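The values are calculated or read from the model by the stated rules, or taken from the named source; none is laboratory data. Treat the numbers as computed from the prediction; the structure is a model and nothing was measured. Cβ sites come from the backbone with ideal geometry, for glycine too, and all protein chains shown count toward neighbours. Note: accessible area is taken over every heavy atom of the protein model, side chains too, but ligands, DNA and RNA are not part of it. Shrake-Rupley method; radii C 1.70, N 1.55, O 1.52, S 1.80 Å.
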Amino acid sequence: MSNQNLDGVRAAYDAFATGDVPAVLGFLSSDIEWTEAEGFPYGGTYNGPNAVLEGVFVKLGTEWDGYAAVPDEFIDAGDTVVVLGKYSGKYKATGRSFQANFAHVWKVREGKAIKFVQYTDTLKVQEALQETNE
C-alpha cells in the first residue's frame, strides 16, 4: 500500500505550521466537505476550499495569535488518515490562551482530501473566548 495519502496529510500540517495556506488549500479537493466541531468558534460544515479559507483559516489567522495545530500521531488506514495532536493559541480579543487535544479524520481520494472532520474539547476553546471578570 502506498503512503501517498499519509504523506499528503503530513504535508498539509507542515504547510499549515509554516503559514503556507495555499499549499494546504491545494491538498483539498474542489468539493471538500470540511466539518469543524459544534461548539468550536467556527463550528459547522464548509464545502469547497474557498469556504474553508473564508470560514476557518482567515479567522484563525486574524482572531488568534500563535494558533497552532501540532500533530503527535498519524494513523494510516489507507483512504482514511487519523491525526491526533494538540491545538494552542491566544485569542486576541480576550488575551486568553488555550491548549486542547484534537483528533482529525481525513478521507483522501486520488491525492486530494475529500472530507475532514474535527473532534476536540470545545470547552477549552470557549474558555479562551470568554472575558475574565478579574
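Summary table
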quantity	calculated
Some residue of the range 70-84 being part of a helix (DSSP H, G or I) and in contact (Cβ under 8 Å) with a residue 12 or more places away in the chain	no
Single residue of the range 38-52 satisfying the filter (crowded, with 17+ Cβ neighbours inside 10 Å and hydrophobic (A, V, I, L, M, F, W, C)) that is nearest to VAL108 (Cα to Cα)	VAL52
Qualifying residue in the range 11-18 (condition: outside any loop (DSSP other than H, G, I, E, B), farther than 30 Å from THR94 by Cα, in contact (Cβ under 8 Å) with a residue 40 or more places away in the chain and within 13 Å of the chain's Cα centre (by Cα))	no
The range 90-134, subset part of a loop (DSSP other than H, G, I, E, B) and of a type outside the set (Asp, Glu), residue surrounded by the fewest Cβ atoms within 10 Å (Cβ to Cβ)	ASN133
Qualifying position, being modelled with pLDDT under 95 and not in a loop (DSSP other than H, G, I, E, B), among GLY61, GLY55	GLY61
Residue under evaluation ILE32, criteria (1) aliphatic (A, V, I, L, M); (2) assigned to a loop (DSSP other than H, G, I, E, B); (3) open to solvent by less than 60 Å² (accessible area, probe 1.4 Å), criterion not met	(2)
Qualifying position, being of a type outside the set (A, V, I, L, M, F, W, C) and under 16 Å from the mean Cα position of the chain (by Cα), among GLY78, GLY55	GLY55
Qualifying residues in the range 100-134 (those that are touching a helix residue (DSSP H, G or I) at 6+ places or on another chain (Cβ under 7 Å) and not hydrophobic (A, V, I, L, M, F, W, C)) - the one nearest to PHE57 (Cα to Cα)	LYS112
